[in-house]
Amino acid sequence: MAAAHFLFTSGLVESNVIEFLTLSGILTAKRVPAANGHVKLNGSKFSNVVAKEGFSIELDLPATSVIECDPTEIPSIPRTLNGASMINIKKTASCGDLLVELSSGQTVADLEPQFDEIRKCAGRGVLLTGAAPRGSGFDFYSRLFCPKLGVNEASPRGGMLEVHLNEENQRVQIRGKAVTVMEGSLFA
């Protein structure tokens with residue numbers, strides 16, 4: 001999403017659609033005009049940043065199925081999650097990442113995971129999710145941890161996404177906003 005945002009706002013592309021060649025195949029990023037033209041990122045470190053570009057970015061990704069976990073694959077999960085109450089654990093069929101449903105979205109938000117323990121888990125990383133609090137306007141909270149890939153947390157700043165599963169095509173559309181928070185130049 002950040003790469004598409006840069007390309008759309010820098011003038012390097014004039015199209016409203018960008019195709020990225022990834023290890024998972026073609027990833028399409030589409031510029032979608034925003035209704036009001038400005039977006040404020042509430043709930044993040046950058047809550048005072050306003051996006052003047054006035055568009056969302058929609059990513060079209062392949063859906064990944066989940067399968068049952070063998071209990072021997074997850075012995076360190078209680079230590080990994082500092083004893084947080086778990087409801088369900090699955091893993092992705094494609095790469096074995098763990099998908100852990102916690103008792104609440106607030107538990108997801110408050111969790112301070114043990115990254116050394118996550119490195120011992122099967123797959124590339126651990127995705128935590130939990131139901132959002134009633135009245136919050138959200139369905140769920142999620143966080144992704146991939147210390148094996150050098151990324152302890154995918155984005156500690158947070159953000160809001162709209163997610164749609166196209167079951168017929170087995171694709172997921174994720175729509176969100178991005179803002180430029182810093183620009184710089186390197187001189188040789």
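The values are calculated or read from the model by the stated rules, or taken from the named source; none is laboratory data. None of the values given here were measured: they were computed from a predicted structure. Positions of Cβ are generated from backbone atoms using ideal geometry, with glycine treated the same way; all protein chains shown enter the neighbour counts. Heads up: the accessible areas ignore ligands, DNA and RNA and are worked out on the full protein's heavy atoms, side chains in. Shrake-Rupley method; radii C 1.70, N 1.55, O 1.52, S 1.80 Å.
What the table shows:
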item	result
Pick from region 93-110, criterion open to solvent by 30 Å² or more (accessible area, probe 1.4 Å) and assigned to a strand (DSSP E or B), ranking: nearest to Ala132 (Cα to Cα)	Glu101
Test result for Asn88, polar (S, T, N, Q) and either assigned to a loop (DSSP other than H, G, I, E, B) or open to solvent by less than 30 Å² (accessible area, probe 1.4 Å) (or both)	no
Matching entry among Leu165, Leu127 (being assigned to a strand (DSSP E or B) and within 11 Å of the chain's Cα centre (by Cα))	Leu127
Complete set of residues in region 49-64 that are open to solvent by 70 Å² or more (accessible area, probe 1.4 Å) and either at pLDDT 75 or above or touching a Pro at 6+ places or on another chain (Cβ under 7 Å) (or both)	Thr64
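For every residue, the table says whether it meets (1) at pLDDT 90 or above; (2) touching a strand residue (DSSP E or B) at 6+ places or on another chain (Cβ under 6 Å); (3) in the same structural domain as Val17 (by the TED database); (4) among the small types (Gly, Ala, Ser).
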{"site": "Leu102", "(1), (2), (3), (4)": "yes, yes, no, no"}
{"site": "Arg124", "(1), (2), (3), (4)": "no, yes, no, no"}
{"site": "Thr129", "(1), (2), (3), (4)": "yes, yes, no, no"}
{"site": "Arg134", "(1), (2), (3), (4)": "yes, no, no, no"}
{"site": "Asp139", "(1), (2), (3), (4)": "yes, no, no, no"}
{"site": "Phe187", "(1), (2), (3), (4)": "yes, no, no, no"}
